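S.K.: First the structure, then my questions, so here it is.
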Amino acid sequence: MHELSLSLNILDLVERSVDKGKVRQVCEVRIEVGLLSGVDAGNLEEMLKMVAATTEYADVRWVMTQKDASGFCEKCCLPFPMTYLWDVCPRCGQRAGKITEGDDVEVASIIVLE
Amino acid sequence: MCETCGCGEKEHDHEDLFPEENRRLVEVKQSVLQEDRAFAEKNRQLFRERHITCLNVVSSPGSGKTLLLERSIRGLLPFSAVTVIEGDQQTTRDSDRIRKAGATAFQINTGLGCHLTARMIHEVVSSHVLPENSILFIENVGNLVCPAMFDLGETKRVVIMSVTEGDDKPAKYPFMFYSSDICLINKMDLLPYVDYSIDAALHDLKHIKPGMEVLYLSLKDGTGMGGWIDWIRKTHNNRP
């Protein structure tokens, strides 16, 4: 599953984001999963738990939130909500020129114990 | 069981475990996918600078990706140097076949990985000098799900489905077909023997990606290969 490679990237990102000299423990990591990122939040959470199980992050609470998606119609200069990649502008019926939100997975914040 | 501390209670507050004065929120706001996307752009730029057309070939296992490349190499070598990056979990079987067909091949074994990443491609293309003005094929790991979401920096993405897989692949795996630029329907020589409706497949494909170009191939008897080679050459000549 690509959730495996993502989980490894997330652990690496968490590692780089904390000052180990000051932090006793990472308690919680909050992750936003875009609706159009192609990633299933539930699968990602399970994979994170599995991958972290043998590391210092074994007790971390992984909090997943879904981020809604939106695209931009270049013809109408109008943003519109999207549920699928192929959703169209509600005004002109054209496909989105670009996806402006919701196509990424982001580590939003970390709660640490100092 | 409480998932946070493992005690027998249901979820409960943990202020006693993590006293407020010791807890700190660290804002991160960093993309997990952006790093690989940056490698995709580096790949794209390298291909532009060296006038290389990169085709990312995707499909489920057994649709005919490697055989397509073997036949394509034969048709392209008179006009252009061809390089192939092969992606599989294990073995060098496919890259061995490609070298026998006459092209340069690099094998990436992903181990547990279910798709190639732009970083993997970058490691190959930045450490080997690919011929200028040439064709690069990337044969992705056989999988209609995961490779769809990962831009490798390709010029075009080619999705193959064979008539032996059933005509419902576009409906069942829409992300892959939406993200592709051309669809090859392969094993047309077997069409009389299987329950496959071209109309049904095209109907679903049209809903997901209207106007998508479709070519019909039989790698066994060569049907459609001329049109496919022409498409590659036209894509190469028309690249930005």
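The values are calculated or read from the model by the stated rules, or taken from the named source; none is laboratory data. This one's a predicted model, so the numbers in the text were calculated from it and none came from an experiment. Note that we place each Cβ from the backbone using ideal geometry, even for glycine, and neighbour counts take in every protein chain shown. The area values use the complete protein model at the heavy-atom level, side chains included, leaving out ligands, DNA and RNA. Shrake-Rupley method; radii C 1.70, N 1.55, O 1.52, S 1.80 Å.
S.K.: Could you list, ordered by first residue, the pairs with Cβ atoms under 6 Å in which the first is in the stretch B:22-47 and within 13 Å of chain A (Cβ to nearest Cβ) and the second is open to solvent by less than 80 Å² (accessible area, probe 1.4 Å) and among the hydroxyl-bearing types (Ser, Thr, Tyr), at least 6 apart or interchain?
M.R.: Every condition considered, the pairs that remain are B:25/A:109; B:27/A:109; B:28/A:17; B:28/A:109; B:36/B:117.
S.K.: Are there any pairs with C-beta distances below 6 angstrom linking a residue in the stretch A:1-17 that is at the interface with another protein chain (Cβ under 7 Å from one of its Cβ atoms) and in contact (Cβ under 8 Å) with a residue 24 or more places away in the chain to a residue that is assigned to a helix (DSSP H, G or I) and not aliphatic (A, V, I, L, M), with the two at least 6 apart or on different chains, and if so which?
M.R.: Taking only residues 6 or more apart or on different chains, the pairs are A:2/B:146.
S.K.: So which of A:75, A:49 is open to solvent by 40 Å² or more (accessible area, probe 1.4 Å), within 12 Å of chain B (Cβ to nearest Cβ) and either at pLDDT 95 or above or part of a loop (DSSP other than H, G, I, E, B) (or both)? So that I can check it myself, show each step before the final result.
M.R.: On the way: A:75 fails: within 12 Å of chain B (Cβ to nearest Cβ).
Only one candidate passes the filter, namely A:49.
S.K.: Could you say which residue among A:58, A:108 is within 12 Å of chain B (Cβ to nearest Cβ) and assigned to a loop (DSSP other than H, G, I, E, B)? Don't jump to the end; show me each part of the working.
M.R.: Working: A:108 fails: assigned to a loop (DSSP other than H, G, I, E, B).
After ruling out the rest, the residue left standing is A:58.
S.K.: Next question. Please go through (1) farther than 21 Å from residue B:71 by Cβ; (2) open to solvent by 60 Å² or more (accessible area, probe 1.4 Å); (3) not in a loop (DSSP other than H, G, I, E, B) for residue B:195 and return the number of the only condition it doesn't satisfy.
M.R.: Here residue B:195 clears every test but (3).
S.K.: Examine the stretch B:88-95 for a residue that is in contact (Cβ under 8 Å) with a residue 24 or more places away in the chain, of a type outside the set (Asp, Glu) and in contact with a strand residue (DSSP E or B) (Cβ under 6 Å, 6 or more places away or on another chain), and state whether such a residue exists. Break it down stepwise before answering.
M.R.: The first filter runs over the stretch B:88-95 and keeps only residues in contact (Cβ under 8 Å) with a residue 24 or more places away in the chain, leaving B:88-89, B:94.
From what is left, the residues that are of a type outside the set (Asp, Glu) are B:89.
From what's left, in contact with a strand residue (DSSP E or B) (Cβ under 6 Å, 6 or more places away or on another chain): none.
Scanning the stretch B:88-95, I find no residue that is in contact (Cβ under 8 Å) with a residue 24 or more places away in the chain, of a type outside the set (Asp, Glu) and in contact with a strand residue (DSSP E or B) (Cβ under 6 Å, 6 or more places away or on another chain), so the answer is no.
S.K.: Follow-up. Out of the stretch A:78-105, which residues are outside any strand (DSSP E or B), hydroxyl-bearing (Ser, Thr, Tyr) and surrounded by 14 or more Cβ atoms within 10 Å (Cβ to Cβ)?
M.R.: Residues of the stretch A:78-105 outside any strand (DSSP E or B): A:83-87, A:89-94, A:96-97, A:102-104.
Retained after the next criterion (residues that are hydroxyl-bearing (Ser, Thr, Tyr)): A:83-84.
Scanning the stretch A:78-105 gives no hits.
S.K.: In the stretch B:198-231, which residues are polar (S, T, N, Q) and touching a Lys or Arg at 6+ places or on another chain (Cβ under 7 Å)? Spell out the reasoning first.
M.R.: Just the residues of the stretch B:198-231 that are polar (S, T, N, Q), to begin with: B:218, B:223.
If the condition is that a residue be polar (S, T, N, Q) and touching a Lys or Arg at 6+ places or on another chain (Cβ under 7 Å), then B:218 is the only one that fits.
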